[in-house]
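> Quick one: structure below, then a few questions.
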Amino acid sequence: MADIILETQGLTKHYGGVHALNDANFKLEKGEHVAIMGDNGAGKSTFVRQITGVEQRTSGKVIFDGQEVNFAGPLDAREAGIETVFQTLALADALDVPDNLFLGREKTKWDWLGPFKFLDYKAMRADTLAALEKTGVKIPNIRNTIQNMSGGQRQCVAIARTASFHSKLTIMDEPTAALGVQETSQVENIIRTLKDQGEPLILVSHNMRQVMDLVDRIVVFRRGRIVANLRKEETDGQDIVAYITGAKTGAEFEGAA
Amino acid sequence: MADIILETQGLTKHYGGVHALNDANFKLEKGEHVAIMGDNGAGKSTFVRQITGVEQRTSGKVIFDGQEVNFAGPLDAREAGIETVFQTLALADALDVPDNLFLGREKTKWDWLGPFKFLDYKAMRADTLAALEKTGVKIPNIRNTIQNMSGGQRQCVAIARTASFHSKLTIMDEPTAALGVQETSQVENIIRTLKDQGEPLILVSHNMRQVMDLVDRIVVFRRGRIVANLRKEETDGQDIVAYITGAKTGAEFEGAA
Amino acid sequence: QNIGASIARFDDNGLTIMRNGMTDHIATLDGVELQMEDAQDDVARQLDQINNFIASGVDAIIVNAVDTNATEAMSNAAAAAGVPLVYVNRQPINMDTLPEGQAFVASNEIESGTLQAFQICRNLRAEGKSGGATGYLMNGQLSNQAAVQRSKDVYDVIGMDMCNFMTLIDEQTANWSRDEAQDLMTNWLSSGEEFDFVIANNDEMAIGAIQAMKANGISMDDVQVGGVDATPDALVAMTAGDMDVTVFQDLAGQGAGSIDTALALAAGEEVDKTVFIPFILVTPENAAEFQ
Amino acid sequence: MSETSHGIGGLTYDRKKRSLPGEVNIFFALILIVAVFEVLGQVLPYMNGQSFLFDTQDRFDTIFNEARLRIIILQVSIIGIIALGVTQVIISGGIDLSSGPLVGATAMIVMSFAQTELVNGNPNPKAVFGEWAFDLPVLIPVVVGLLFGAMIGAINGSLIAYTRIPPFIATLGMFLICRGIAQAWTRGQPVSFPTEGFAALGKGMMPVFWFLGIAVLMHVIMRYTLHGKHTYAIGSNEDAARMSGINVNRHKVRVYMIASMLAAFAAIVLSSKNLTAQSGMGIFYELYAIAMAVIGGVSLTGGRGSIPGTVLGAMVFGVIQSGFTYIKLDAFYQLMAMGAIIIAAVVLDKVRQERAASRS
Amino acid sequence: MSETSHGIGGLTYDRKKRSLPGEVNIFFALILIVAVFEVLGQVLPYMNGQSFLFDTQDRFDTIFNEARLRIIILQVSIIGIIALGVTQVIISGGIDLSSGPLVGATAMIVMSFAQTELVNGNPNPKAVFGEWAFDLPVLIPVVVGLLFGAMIGAINGSLIAYTRIPPFIATLGMFLICRGIAQAWTRGQPVSFPTEGFAALGKGMMPVFWFLGIAVLMHVIMRYTLHGKHTYAIGSNEDAARMSGINVNRHKVRVYMIASMLAAFAAIVLSSKNLTAQSGMGIFYELYAIAMAVIGGVSLTGGRGSIPGTVLGAMVFGVIQSGFTYIKLDAFYQLMAMGAIIIAAVVLDKVRQERAASRS
Ligand SMILES: Nc1ncnc2c1ncn2[C@@H]1O[C@H](COP(=O)(O)OP(=O)(O)OP(=O)(O)O)[C@@H](O)[C@H]1O
Ligand SMILES: Nc1ncnc2c1ncn2[C@@H]1O[C@H](COP(=O)(O)OP(=O)(O)OP(=O)(O)O)[C@@H](O)[C@H]1O
Ligand SMILES: OC[C@H]1O[C@@H](O)[C@H](O)[C@@H](O)[C@H]1O
Ligand SMILES: [Mg+2]
Ligand SMILES: [Mg+2]
């Protein structure tokens, strides 16, 4: 089992009367890229939020890198080595692009000053340009605040942030939803690079083509439950849609949904 | 010219030093469905914001339904007959689904009470269910607040809102970006219905398949300028990508970008 | 001639009477201008106002101190700029060391509370309650020196042999306010305890207490109520038989006196450094004199 | 419709598991505070086993100390009226700091139109105007007061809506302006001796009657009418409200006008209750009114809260104030204890909310 | 890097057209207000052509009325020090209402450790402690004051960070607690007669020195250090800051601690300047400090503002206050005019901002 990077057992989240996630048993091997698909409201983002400690789960276990974990917040998850692009992006509107890219891990000088250490603006700006380049996005002035960026520009900043730092696991929740044709293919290249480097990935996406192009395995959520776990080679778009819509349910998931 | 519903002449918007939109000349005929495509940051949403009065343009003219218009705000635009799904959705987080669907045009009783007239919650709830049905979305409890909805559920609420009211022109800025496979096809059906009813539409989208399926004409933005105006029959995906990336520029737009 | 005056608080009842005394007196004088500032109960603001007067080049300054302990800094500022300074109504702490060209016209709060409490003590004795009487004490704003002093005067009187039959059930602040006094009194009443007197640091609170007691059906003959200030409202209450004791100070006289002293100092004349204006006890017998 | 699950797309929603409304928490906090005072009454040696809410001396017909029940609510009724208006301001995403000074200014103005000619047979020693202003029908001062409130509210609202300056600044400016008006009106002199008609408005338990009556009215407005819905919508997301076609500017003016008219009405009741008007009246009322609303669950970031919550928030203050006098807490420590209890009440509310949110 | 256009993807950005920083607007407002006073001095008949800023009576060596220049900044220096701390609190998305009462409480405590034994040869009539507390080195009261401030700030910050109650409530509670402490310390009696060493801290223009010195320090912190960047990030989007791995809770505690320590330091300078401490000191300072920051362009919704802006905001107050005395404005109207000018200054700023935003 040493090659399992993430495992969830019976992971469940209820919001008052809404059963958003029920009894999710999920495994991800080191180096593996897995897609999560499913209808709107199927519980995909809820699943991501439980793993990354954004919310506290109702019940179930999360085992990361061989250890049972109970992240008190996303800070803990990140420190454990999970990098996430959230669906809500998590950018600070009033700050500019380099500030956002380095938020929480700024480059600094004179570190003996503790919380008052100085920021190395110059270095961060240079690195920002390099990181954004990879996403193929165009931004007229990276010193403008994030609130003045277009939807796709914002998304690229969030992706560049995640891609700039090494991690044990990367999670991307619909990373290309707002992206243009060119930017999407650039981000897909970033994902391929992760694959080549052996970094595992969970990709939430509604884009069938993208999923079939990129990942090894597809997990389908429906009404808060996992209803299918399919190797890419053994399935196709139509088959997946059948699981998404509930026309089919995976053999090992009978009784679900 | 009586069959032109919307025309812009030299529409331009600068934000400080950022030239987001330059000299856009655009025409839309009654009953016509047009797609706007372009890279992230190309100026598509900026174009939409100028037409709908969300922002005040730097220069240029907007002619709607035969009259030059200068909307002071989105309220004016809506009253003139333009229904818009903004990229930012414009939902009130603390209100529930029916409240959001009817925001600004609630069903009421005892109208002689003026601003203190009573809300007809029952009627609005029933209509909400009907309107959402069309988008194919699933929502466990429509009385939950919008902030508790998934990304796709939110987007469906915004679309249902626009689709529920008749208008002279409908504008949708990336309406299906966050939608699942099923919901996307439902929303595309809504758009087809508009087409059948002869209602004109501007659709901003990055989805080539969708654009080719749905619209009559494609306008491409690049670096804040219109660089192509293509009838669907005379183009194809690769051709459009060439315009988006700048490999090609429309004959009548020489000099642009 | 330009005189600048800084008053502790403009919306204070007693100080308003004093202010009016000043403006009325100025109206009778030729060629004298008075500029009055509201220190809004802020010590620091008052010191700044004095410095502003100095910047504007006034001929003399009058100060009704927010905090009489802060007068040293003010005296220093005025002396350094060579501008005469008169303290009014509240006695400055640096009275022994006042620089040249400074004086004060004030009254001593030790008198007010003492006169009031002692008269209540005498009235209670006269009613035959010297075997034991209980009551309540209403404090003014706890940060206000007049309030602190007047309450202290009350304890001192109750500590005397002649008055130690009086005991306080409770004391609370009603912040000089009639409204808060009404609520406070009603709260006291809701405990159902018997009592014989209510002493308040000012008339407004005494009137509030009276209103609350009357609303709860208590006869004003059975309770001794005392305030300070002799405001018109209090005198009316006294004539109506509701209030028993108040204390008058000649605030208008103090105001006018401070102006004359300031003018004299500005003209370089010799003046008395200290002018004491005494408090006067007011009871139903002499109330008419003050109306 | 209340029978259905309000779900769509074939999803079921388990209604039994839904969270309780926030007001329930504040209600528990209130009960808790009362219980603490009851226990203190038994435990503190000098209290001789008195009871806070119950009648231990057989003074009343019921088992309750009715005098206590009355004063608990009476003493918060006037600020409570202000808090009702402030509640909608905060829900709309704004704040109103001017209500306290507005009380002072309105009281001065109103009382000047409510004076009697003769006091105990003597001419009124505090007359502000001449002959013509004596013994006017009670409607006149009331209308004058409400108009003044409406005017101040309209200025607040217009500044906030049309110039887009922060409500904190607009109403802080108005705070100073109203203090100035209050003092300039009679140059600081109190105004007293109203007509009997005017004095009746705030007599006895009348303030409670006004407070609860207006609370019911405001609750209906906030919960069931267009005005209420738009107030929540603007507070939740002003841009969204604007884009959805709500006339946000006009609405804001109305919200601030209602708030200021309620503050003006509070001034009328207050000056009637006290039979006097003084320019310093209403000091810190704005802070207490805001605190009542927030303790009652109104969110300072807008969009959330309710009138019943604010009424309960006001009750918390009433109980605390009365409780302190009851246990004879030293005045110096009352302020500290009040501060601690305000914090504790809101913390309690938060803790219960979070627990509810993470409950299965 | 400042030569490049900071664009990516081949886009060019026209740097010459970028908007001016917000502080410029406030600076213009300030100039405008000064000009108005100068003109009034010439125009009002009773002013006999006096000048506001210039020396027309040849009282000073330079062409300026130096006494005026000094008092303009002197009188806002102490609240200004508080405003510097409040600026970071507001930028972080919070608010601090407790600073005014904290000034009162700290002044009382500090002064008790700063008393002299002999006053003009007599024993100190206001002594709070015994023998041991007389004539202590000046460092002791200063450290005691700063520690007290740090403690109050830590409580504020911890409540806000860990219990998630609104800053308005936490600091309103602390407002009452500090007022209580101030009054309970000596049961309302002022504390006076400090040592010469202590008196030197706030003598003459020392408050100005402290204000400007701390302003420079705070500017560097907010603009160039991690603390500053994280303060802006949290105020801009707290959830995002949390998700990005900033320890938001610990950061908030630090922000409130700095604010309260600055308020405590202001209390030290204030009591030294006035040679006394009184429990009512600092009344309304919290409101003025917040107003200075907001006039200086700090946004009450968090994420936006700067220290130089706040310094200019403070200057606006100084000029207004001094100007009113200069034109001998009746005190009743001063409050009104002050209110109107605060509003006008912010409106002006807004108008210029909007014009700049819609400029081509
Ligand atoms: N805080 C919350 N309170 C109540 N219900 C919630 C909350 N958050 C999510 N939900 C509900 O839980 C369900 C799952 O939501 P989730 O965001 O996980 O969906 P998703 O699969 O990510 O959808 P999408 O593709 O639209 O992003 C939805 O029905 C949603 O309305
Ligand atoms: N308020 C603003 N201030 C400054 N720049 C802005 C502002 N709004 C938009 N921009 C800039 O204008 C350009 C066009 O933005 P716009 O939102 O129109 O792009 P878009 O074509 O809609 O992109 P997307 O596909 O990502 O939504 C972008 O470079 C963006 O950064
Ligand atoms: O400072 C405020 C107080 O001042 C006193 O002199 C007066 O008697 C009180 O009524 C109160 O006004
Ligand atoms: Mg999602
Ligand atoms: Mg866009």
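> Work through the residues other than C:L98 whose Cβ is under 13 Å from its Cβ and net out their charges, Lys, Arg +1 and Asp, Glu -1.
Net charge around C:L98: -3.
> Among rounded, prolate and oblate, which fits the stretch E:20-354 when a ≥ b ≥ c are the square roots of the eigenvalues of its C-alpha gyration tensor, a/c under 1.5 means rounded, and a/b larger than b/c means prolate?
oblate
> Calculate the length of the line joining the C-alpha centroid of the stretch C:22-64 to that of the stretch C:251-283, in whole Å.
If we compute the Cα centre of each part, the gap is 15 Å.
> Could you give the nm distance between label points at E:T301 and D:T163, where each point is 7 Å from its Cα heading toward the beta carbon?
For the pair E:T301/D:T163, the computed spacing is 1.9 nm.
> Which residues in the stretch A:178-222 have a backbone N closer than 20 Å to a point placed 7 Å from the Cα of B:D236 along the Cα-to-Cβ line?
A:181-182
> From the square roots a ≥ b ≥ c of the eigenvalues of the alpha-carbon gyration tensor of the stretch A:4-245, which class results: rounded (a/c under 1.5), prolate (a/b over b/c), or oblate?
prolate
> Could you calculate the FRET efficiency of B:T245 with A:Q9 from 1/(1 + (r/R0)^6), where r is the beta carbon distance between them and R0 is 45 Å, rounded to 0.05?
0.45
> With just the Cα atoms defining each centre, how far is the stretch E:165-219 from the stretch E:38-55? Give it in Å.
About 36 Å separates the Cα centre of the stretch E:165-219 from the one of the stretch E:38-55.
> Still on this structure, I have one more. What spacing in nm lies between the two simple spin-label points modelled at B:A72 and C:D260, each 7 Å away from Cα in the Cβ direction?
In this crude spin-label approximation the distance works out to 6.4 nm.
> Step through the residues of the stretch C:263-278 one at a time and calculate ³J(HN,Hα) from phi using the Karplus curve (6.51 cos²θ - 1.76 cosθ + 1.60, θ = phi - 60°), rounding each to whole Hz and writing x for Gly and Pro.
In residue order, the calculated couplings are 5, 4, 5, 5, 7, x, 7, 6, 9, 5, 6, 9, 10, 8, 10, x Hz.
> Before anything else, pin down the relative contact order of chain D: Cα pairs under 8 Å, at least 6 apart, normalised by residue count, whole percent.
31
> Additional query: Spelling out what I want: for every residue of the stretch A:201-215, take phi, set θ = phi - 60°, compute 6.51 cos²θ - 1.76 cosθ + 1.60 (Karplus), and round to whole Hz; glycine and proline get x.
8, 10, 10, 8, 7, 9, 9, 4, 4, 4, 4, 5, 5, 9, 9
> Report the net charge of residues surrounding B:V54, where surrounding means a beta-carbon distance below 10 angstrom and charges are Lys +1, Arg +1, Asp -1, Glu -1.
Once all neighbours under 10 Å are counted, the net charge is 0.
> Counting each DSSP H run of 4 or more residues in chain E as -39500 (n - 2.57), what helix-only mean residue ellipticity at 222 nm follows after dividing by all residues, to the nearest 500 deg cm²/dmol?
When only DSSP H runs of four or more count, the value is -21500 deg cm²/dmol.
> Past 30 Å, Cα to Cα: identify those pairs from C:K152/D:K203; E:K273/E:K350; B:K168/B:K232, in the order given.
Violating the 30 Å Cα-Cα cut-off are C:K152/D:K203; E:K273/E:K350.
> Also, I was wondering about something else. Give the cross-link partners of C:K129 among the aspartates and glutamates, using a straight C-alpha distance below 12 Å as the criterion and excluding same-chain residues fewer than 8 apart.
Excluding near neighbours in sequence, the set is C:D196, C:D222.
> Counting only other chains, and only Cβ atoms inside 10 Å, what mean value do you get across the residues of E:191-198? If you can, show how the numbers build up before the last one.
Details: counts 1, 8, 4, 0, 0, 0, 0, 0.
Other-chain Cβ atoms within 10 Å of each residue's Cβ, averaged: 2.
> Using Cα positions and a limit of under 17 Å, work out the lysines in reach of B:K107, with same-chain residues fewer than 8 apart set aside.
Reachable lysines: B:K117, B:K122, D:K229.
> With respect to the cross-link table entries A:K109/A:K134; B:K27/B:K138; A:K13/D:K252, which display a Cα-Cα separation exceeding 31 Å?
B:K27/B:K138; A:K13/D:K252
> So, one more: Just going by the charge dipole of the stretch E:74-231, with Lys and Arg at +1 and Asp and Glu at -1 on Cβ, which of E:I155, E:S92, E:S77 is farthest out on the positive end?
E:S92
> If you place +1 on the Cβ of every Lys and Arg, -1 on the Cβ of every Asp and Glu, and leave all else neutral, what size is the dipole of the protein assembly as shown about its Cα centre, to the nearest 20 Debye?
4980
> In addition: Given H placed on each backbone N at 1.01 Å, which residues far from B:I4 in sequence or on other chains put an amide H within less than 5 Å of it?
Residues meeting the amide H criterion: B:K30.
> For chain C, what does the helix formula give at 222 nm: sum of -39500 (n - 2.57) over DSSP H segments with n ≥ 4, over the residue count, nearest 500 deg cm²/dmol? List each step's numbers first, then the result.
Details: 9 runs with 123 residues, N = 291.
Dividing the helical sum by the residues of chain C leaves -13500 deg cm²/dmol.
> Let me ask something else. Assigning unit charges at the beta carbon (Lys, Arg +1; Asp, Glu -1) and nothing else, what dipole magnitude in debye, to the nearest 20, does the stretch B:4-245 show about its Cα centre?
It works out to roughly 340 debye.
> Run the quick spin-label model on A:A123 and D:V220: label points 7 Å from Cα toward the beta carbon, then report their separation in nm to one decimal.
Taking the two extended label points, one gets 6.7 nm.
> A follow-up question, please. Within straight cross-link reach of A:K61, meaning Cα distance under 14 Å, which aspartates and glutamates are found once same-chain residues fewer than 8 apart are removed?
A:E7, A:D23
> Another question, if that's okay. Which of the listed residues, C:V105, C:A256, C:I62, is farthest toward the dipole's positive end in chain C, when Lys, Arg count +1 and Asp, Glu count -1 at the beta-carbon?
The residue sitting most towards the positive pole is C:V105.
> Under a Cβ-Cβ cut-off of 15 Å, what is the net charge of the residues other than E:G309 that fall near it, where Lys and Arg count +1 and Asp and Glu count -1?
Once all neighbours under 15 Å are counted, the net charge is +2.
> Please list, in chain and number order, the residues 5+ apart from B:V85 or on another chain whose amide H is under 5 Å from its amide H, with Hs placed from the backbone.
B:I171, B:M172, B:D173
> Quick one: what are the phi-derived ³J(HN,Hα) couplings along the stretch A:175-188, Karplus 6.51/-1.76/1.60 with θ = phi - 60°, whole Hz, x for glycine and proline?
Taking θ as phi minus 60°, the curve returns x, 9, 3, 9, 8, x, 4, 5, 4, 4, 6, 5, 5, 4 Hz for the stretch A:175-188.
> Next up: Separation of the stretch E:93-132 and the stretch B:52-100 by C-alpha centroid, Å?
60
> Continuing with this model, one more query. Of all the residues in chain E, which one has the C-beta that comes nearest the axis relating E to D, and what is the distance in Å?
In residue-and-Å form, the answer is E:T301, 4.
Throughout, read-outs are computed from the coordinates displayed, never taken from laboratory work. The shown structure was predicted, so the numbers you read here are calculated from the model rather than taken from an experiment. Quick reminder, even Gly has a Cβ in these numbers, built from the backbone with ideal geometry, and neighbours come from all protein chains shown.
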